[in-house]
Structures are given as structure tokens and as C-alpha cells.
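Participant: Can you read through this structure? Questions will come right after.
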Amino acid sequence: MTATTSLHPLDDALALTPGAADIFTGRTTAPYWNMVGPFGGITAATLLQAVMQHPARLGEPLSMTVNYAGAIAEGAFEVQATPLRTNRSTQHWSITLRQIGKDGAPQVMTSATAVTAARRNTWSATDLPMPRVPAPEACAQVEQAIAVQWVNRYAMRPVTGMPPARWDGAEGDSLSQLWVRDTPGRTLDFPALAALCDVFYPRVWRRRALQVPAGTVSMTAYFHAGSELLAQTGAGWLLAQARGQEFRNGFFDQTAQLWNAAGQMLATSHQIVYYKE
């Protein structure tokens with residue numbers, strides 16, 4: 001893992017070096033380490049960063065689906081970001097992250113698709129306004145549910161849906177709401193927003209009050225904000241809300257929304273997550 005640098009931890013983790021056509025190289029970093037590999041949000045952010053750095057990119061991120069095929073090992077990796085088709089207002093991407101396996105051959109650890117788009121000023125509205133919740137200053141920072149490095153990269157102030165006080169199997173609802181932002185503070189951009197879409201602890205823990213093994217299989221993020229709105233949001237707090245919808249046969253889905261403090265929807269996301277009994 002990398003040594004400490006003067007860069008913000010997120011910028012250090014997102015550092016990619018361009019190589020051959022469509023190829024970028026990077027490496028894992030300690031501050032975003034999870035249980036058996038990097039935090040899934042930082043992996044999504046890294047893949048999106050390759051698109052953002054690509055010289056052929058059209059417009060800004062509109063959507064992204066990340067499929068976590070295997071645990072990324074500590075060390076170097078290669079990202080390939082390829083524009084598959086470019087239309088007048090949208091561009092479609094295929095992205096893969098590879099590492100050298102034990103057999104010496106490159107293996108796909110994560111795959112993704114993304115769409116970038118040239119946004120236009122049009123009529124806009126929301127059917128899901130930000131919930132009425134206490135301000136972040138009225139909510140206390142609490143101890144994190146899991147002792148892993150990546151949770152220290154975020155300031156989190158829960159509103160409701162904290163991790164269970166007792167892991168006793170008592171079933172409840174799966175809703176969580178929290179104020180969250182990068183720490184140290186950092187102006188919001190698309191890779192940072194992609195990572196924040198995965199900031200929630202597993203919904204099955206909340207629903208069952210059992211700390212069972214769980215991991216994201218696939219996550220889709222929809223970016224409703226453009227770069228101008230992200231810049232206006234700056235390093236401010238975001239309200240992040242997530243709930244599970246169906247828990248069945250070892251998998252559950254999660255839907256999530258993120259608003260800035262002004263109540264503007266920035267992103268929504270959906271996940272399918274694996275869990276054990």
C-alpha cells in the first residue's frame with residue numbers, strides 16, 4: 001500500500017497514469033482498505049476517474065454500473081476505459097480493472113459500463129424531495145459499525161437507522177439516513193460522488209440485527225447533478241438515505257439517494273448485495 005502523501009487521501013487513491021490507448025495504471029491505498037480489499041466505493045470512483053481522464057470523453061457522467069467480480073488484491077492494477085459508441089449527446093463506455101493473478105495472467109477483478117452525456121438546460125422537477133431532518137450540526141458523530149480504514153475517510157452523522165445497539169437478531173426496518181462528507185474536506189466531483197453512493201453499511205445488518213458476511217455484487221449510480229452543481233455543493237454535507245427492498249435467497253437489493261444541504265438531488269443508486277446466514 002502507498003505511503004502517506006500531501007495529497008488528499010481520495011486524490012491519492014484515484015491517481016492513474018495513462019499508458020497505451022485506453023489503458024491507465026494505478027494501485028490500492030491503505031486509507032480506503034475494507035475487510036478483504038478496497039472499499040467498493042473507491043473502486044467505482046477509480047473506474048469513473050479513468051473515464052474522466054480519457055481524452056476522448058464526451059460530456060459528463062450520467063450513469064455507471066459496477067460489477068464486483070472478485071476481491072482486488074493489495075498492489076498495482078490496470079484500468080481499461082473504452083468508448084464503445086459516441087452519439088451527438090451520449091457516449092457509452094466499457095471499463096475493466098485487471099490484476100495479475102497467481103498464474104501470472106491478467107484477471108478481470110471488476111467490470112463496469114458508463115454513460116456520459118452533454119447536458120442541456122431543460123424543464124426539471126423532482127418527485128422525491130429531501131426528507132425533513134435535523135441539520136448536520138444537530139446530529140452527533142458516532143462510532144463506526146465496522147473497524148476498517150475506509151470509514152475514517154468520511155465524517156458521518158446519523159439521523160436515523162444507526163447500526164443496531166445489540167446484535168440479537170431482532171428484526172426491524174432497513175432505513176438509514178445520515179449526513180456525510182469527505183474528511184478532510186474536499187470539493188465534490190463525480191468520482192467522489194460515485195464513492196459516496198456506496199457509503200452505507202449492509203442493509204441486512206440493520207434489518208436483522210445480525211452482523212452476517214455481506215458484499216456488493218453490482219451497483220448502479222445515476223448522476224442527476226452536473227459539474228456546476230457539484231462545485232456549488234463544494235465540501236458541504238450531503239444527506240444520504242438508503243433502504244433495502246427485498247431480502248431473499250442470499251441476496252438483497254438497496255436503493256439510495258443523496259441530496260446536498262440545499263435539498264438538491266445529486267445522485268441515486270441501486271445495489272444487489274450478497275449475504276450469508
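Values quoted throughout were computed directly from the atomic coordinates according to the rules given, and no laboratory measurement underlies them. Nothing here was measured: the structure is a model prediction, and the numbers come from that model. Using ideal geometry, Cβ is built from the backbone for each residue, glycine included, and neighbour counts are taken over all protein chains shown.
Participant: What is the Cα centroid distance between segment 76-139 and segment 142-207, reported in whole angstrom?
Facilitator: With segment 76-139 and segment 142-207 each reduced to a Cα centre, they are spaced 20 Å.
Participant: For the residue pair ASN67 and ILE23, what label-to-label distance in nm results when each label sits 7 Å from Cα along the Cα-to-beta-carbon direction?
Facilitator: 2.3 nm
Participant: Still on this structure, please answer the following. What are the semi-axes of the equivalent ellipsoid of segment 58-196, taken as the square roots of 5 times the eigenvalues of the Cα gyration tensor, listed largest first and rounded to whole Å?
Facilitator: Largest first, segment 58-196 gives 32, 26, 15 Å.
Participant: Which one of ALA112, CYS139, VAL79 is farthest out on the positive end of the charge dipole of the chain, using unit charges on Cβ (Lys, Arg +1; Asp, Glu -1) and the Cα centre as origin?
Facilitator: The residue sitting most towards the positive pole is ALA112.
Participant: When only C-alpha pairs under 8 Å and at least 6 residues apart count, what is the relative contact order of segment 136-277, in percent?
Facilitator: Computed value for segment 136-277: 24 percent relative contact order.
Participant: So what's the back-of-envelope 222 nm ellipticity for the chain, counting only DSSP H runs of four-plus at -39500 (n - 2.57) apiece and dividing by all residues, rounded to 500?
Facilitator: Counting only the DSSP helices, I get -3500 deg cm²/dmol.
Participant: Sticking to Cα atoms, compute the Rg of the chain to one decimal and its Dmax as the biggest Cα-Cα distance, whole number, in Å.
Facilitator: 18.3, 55
Participant: Now a separate question. Just to confirm a number: summing +1 for Lys and Arg and -1 for Asp and Glu over residues other than SER176 whose beta-carbon lies under 11 angstrom from that of SER176, what do you get?
Facilitator: In short, +3.
Participant: Relative contact order for segment 222-277 using alpha-carbon pairs under 8 Å, separation at least 6, rounded to a whole percent?
Facilitator: Relative CO of segment 222-277 lands at 35 percent.
Participant: Next question. How big is segment 136-275 by Rg and Dmax over its Cα atoms, in Å?
Facilitator: Considering segment 136-275 through its Cα atoms, Rg and Dmax are 14.7, 46 Å.
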